[in-house]
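Just so it is clear, none of the values below were taken in a lab; they were calculated from the coordinates. As the structure is a computational prediction, the values presented were derived from the model and not from experiment. Quick reminder, even Gly has a Cβ in these numbers, built from the backbone with ideal geometry, and neighbours come from all protein chains shown.
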Amino acid sequence: MAKTLFDKVWDSHVVRNIKDGPDVFFIDRHFIHEVTSPVAFLGLKTRGIDVIYPERTFATADHNTPTINQHLPVKDPLSANQLKALEENSKEYGISHWGLGHEKNGIVHVVGPENGITLPGATIVCGDSHTSTHGAFGAIAFGIGTSEVEMVLSTQCIMQPKPKKMVINVNGQLGLGVTPKDVALYIIAKLTTSGATGYFVEYAGDVFENMTMEGRMTVCNLSIEMGARGGMIAPDQKTFDYIKGRLHTPKGADWDTAMEYWKTLKTDEGAEFDFVYDFDAADIEPMITYGTNPGMGIGISKDIPSAEEVEGGIATYQKSLGYMGFSENDAMIGKKVDYVFIGSCTNGRIEDFRAFASIVKGRKKAAHITAWLVPGSHVVEAAIKEEGLLDIFTAAGFVLREPGCSACLAMNDDKIPAGKYAVSTSNRNFEGRQGPGARTLLASPLVAAAAAVTGVVTDPRELM
Amino acid sequence: MAYDKFNILKSSAYPLPIENVDTDQIIPARFLKAIERKGFGDNLFRDWRYNADGTPKADFVLNNPKYSGKILVGGRNFGSGSSREHAAWAVYDFGFRCVISSFFADIFKNNCLNIGVLPVQVSAEFSDKVFAAIQADENAEIEVNLPEQTVTILATGEQESFQISGYKKENLLNGFDDIDYLQNIKSEIQEFVKTRPF
């Protein structure tokens with residue numbers, strides 16, 4: 001029977017199917033970080049059980065780490081305590097740990113692929129909803145809760161009902177200044193934040209085929225923002241070239257065996273999906289959000305919709321615009337910006353900093369803008385320096401910080417102050433997400449750069 | 001972690017008729033710094049419930065003494081966003097045992113089921129009726145019957161059934177969790193792992 005890519009990977013990981021219940025689902029790779037793992041380890045201790053396959057779990061500190069002066073002790077005692085717990089738990093159970101200051105340290109969804117932990121056909125989970133990022137490699141990857149972290153630690157399995165299948169086809173040629181982030185924000189705006197709930201998505205079509213691995217990661221990363229558990233893209237030569245030779249990638253004969261399998265990882269002709277979307281690349285322009293969920297996005301040249309034009313309740317919509325300090329039918333272009341954040345597991349990779357540099361090169365940061373440039377990992381940080389991007393940033397008045405999740409969720413000190421507007425390359429514009437009272441406009445690195453040099457929401461195509 | 005068994009819950013409810021309530025609202029990230037599962041209920045809906053200086057916002061439903069109960073009724077697409085189980089813990093720790101909504105985000109729903117909070121998904125029409133019943137009488141009781149898989153507005157007798165897998169239902173009725181189950185099939189998992197190439 002014709003199978004989808006998702007079917008092939010899912011079905012090969014089912015240990016047992018429970019009647020009128022979930023599948024017992026085997027997990028190849030498990031990432032942990034300091035925020036969602038401590039209670040899981042506590043659970044193991046309470047039950048008196050061990051970690052079954054410590055070599056399949058990888059720890060990195062990212063959510064709650066400072067992005068300046070990482071060589072100094074962490075000031076906040078609660079954050080320091082979480083980092084210490086991750087280090088001690090990893091040590092006690094024999095789990096690889098890339099703590100603060102380690103050369104491999106960085107955001108979990110950036111360092112996994114960088115080190116070949118993320119592989120096609122693998123199942124990957126982490127106590128973080130943006131684990132969907134790893135689907136870019138043809139893996140089934142999704143976020144889990146802490147109870148499930150404990151399940152994976154103790155049995156390498158979780159209990160999951162198999163989601164329904166959706167394919168999102170985007171074909172055609174993307175226009176000038178339209179990045180993978182814009183493609184994702186466009187899809188989310190079309191589907192809403194709950195449009196893919198209960199589904200696992202496959203992204204198909206020439207737009208994704210032509211995308212770099214970094215771009216595919218950005219798209220898959222945002223799958224959760226339309227409610228999908230995850231999203232994936234069939235592996236191709238680009239995928240294999242990216243992973244070859246990395247730290248944990250199979251080597252020698254193992255590579256050849258793996259390649260034989262990986263080449264079978266595509267949706268068969270005639271395989272059926274429960275839902276199909278088709279979009280035209282030509283309809284997508286650089287996107288920006290105006291509200292308090294990632295589905296509230298529009299083309300940057302457009303005006304904020306009126307309440308009658310959007311799905312859902314008017315009260316919720318007006319509450320959202322009220323929080324943002326915006327009105328129906330306002331133009332987005334020209335809105336004043338106070339902060340710019342480039343980074344996160346969505347847009348914290350080298351390609352994102354290249355895009356940012358392409359706009360700020362030869363220009364100056366607007367005087368009133370506070371900009372936080374936060375690389376996704378030390379590897380990204382090193383590349384920024386090697387490629388000369390840092391010189392461009394410095395000349396334009398920007399400072400590069402150290403890796404971490406930073407202002408994406410503002411657990412550390414990188415908080416946008418109440419009432420201020422931030423153009424952010426991260427993934428969520430929820431109320432207070434980037435700091436209590438902070439107002440977030442989600443956008444691509446190009447749109448972020450355009451705002452950083454002009455001080456207002458600006459169409460990046462005018463600066464290209 | 002052990003939780004209270006769930007059977008039949010008869011309770012008044014708190015109404016929160018807002019759509020797309022995300023887990024950053026249920027518990028903001030800055031309150032995720034604990035390494036134990038304690039005290040999350042204090043920060044449930046922190047920024048909707050308290051002013052920046054820590055004083056309660058009188059108009060928020062959890063601060064309104066008219067309302068009480070172990071049931072939270074939320075708007076459509078409840079629990080979207082982050083996978084933080086802390087959101088479900090905060091709901092449980094505050095004293096809720098059931099959340100009713102016309103639509104739940106996936107991970108939040110799963111997290112609730114894993115810790116003993118029953119997510120009851122009802123039709124949009126029935127959700128409207130529940131909100132209306134609470135608006136008419138803030139002490140209006142709702143009965144959530146897990147064995148029968150029904151939810152009833154006691155004042156009017158209006159009733160709807162809800163879905164839950166047989167497996168999860170047994171777990172909630174008995175206070176079992178998935179780890180107990182998985183521990184018992186460990187040898188099967190150890191056989192399975194031999195089939196994995198990497």
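Indicate, rounded to the nearest 5 percent, the antiparallel portion of the DSSP beta bridges found entirely in the protein assembly as shown.
Around 35 percent of the beta bridges assigned by DSSP in the protein assembly as shown are antiparallel ones.
Please label the shape of region A:360-464 as rounded, prolate or oblate, based on the square roots a ≥ b ≥ c of the eigenvalues of the alpha-carbon gyration tensor (a/c under 1.5 means rounded; beyond that, a/b larger than b/c means prolate, else oblate).
Here region A:360-464 falls in the oblate category.
Return the long-range amide H neighbours of residue A:3 (sequence gap of 5 or more, or a different chain), with a cut-off of under 5 Å between placed amide H atoms.
A:268
Could you let me know the centre-to-centre spacing of region B:129-146 and region B:49-90, using Cα atoms, in angstrom?
Answer, in whole Å: 18.
Could you list, in their original order, any pairs among A:190/A:415; A:190/A:238; A:165/A:302; A:3/A:164 whose Cα atoms are separated by more than 22 Å?
The pairs that break the limit, which is 22 Å between Cα atoms, are A:190/A:415; A:190/A:238; A:165/A:302.
Going by a ≥ b ≥ c, the root eigenvalues of the Cα gyration tensor, does the protein assembly as shown fall in the rounded group (a/c under 1.5), the prolate group (a/b larger than b/c) or the oblate group?
In terms of gyration-tensor shape, rounded.
Of A:150, A:202, A:92, how do they rank once you tally other Cβ atoms within 10 Å and put the fewest first?
A:92, A:202, A:150
Arrange B:37, A:216 by Cβ neighbour counts within 10 Å, fewest through most, would you?
B:37, A:216
If packing is taken as the average count of other Cβ atoms within 10 Å, what order do B:72-79, B:53-60 fall into, highest mean first?
B:72-79, B:53-60
Rounded, prolate or oblate, given the Cα gyration tensor of region B:8-195, with a/c below 1.5 counting as rounded?
Note, shape of region B:8-195 comes out oblate.
Hey, can you grab everything whose amide H is under 5 Å from the amide H of residue A:442? Only 5+ residues off in sequence or another chain; H modelled, so Pro and N-termini drop out.
The answer is A:289, A:424.
Need the C-alpha centroid separation for region A:181-236 versus region A:413-439, integer Å.
23 Å
Neighbour counts of other C-beta atoms within 10 Å: give me A:246, B:97 arranged from fewest to most.
By the 10 Å Cβ count, ascending, the order reads A:246, B:97.
So who's got an amide H within less than 5 Å of the one on residue B:100, skipping anything under 5 residues away but keeping other chains? H placed 1.01 Å off N, in plane.
B:72, B:73, B:74, B:120
Ranked highest first by average number of other Cβ atoms within 10 Å, how do A:28-39, B:41-52, A:190-201 line up?
A:28-39, A:190-201, B:41-52
Considering only DSSP beta bridges where both residues belong to region B:8-195, give the percentage that are antiparallel (nearest 5).
Restricted to region B:8-195, the bridges split so that about 50 percent are antiparallel.
For residue B:183, what is the net charge nearby, where nearby means another residue's Cβ is under 13 Å from its Cβ and Lys, Arg count +1, Asp, Glu -1?
Neighbour charge sum, excluding residue B:183 itself: -4.
Among A:53, B:105, A:396, whose Cα lies farthest out toward the positive end of the dipole of the protein assembly as shown, if unit charges sit on the beta carbon of Lys, Arg (+1) and Asp, Glu (-1)?
Of the candidates, A:396 comes out farthest on the positive side.
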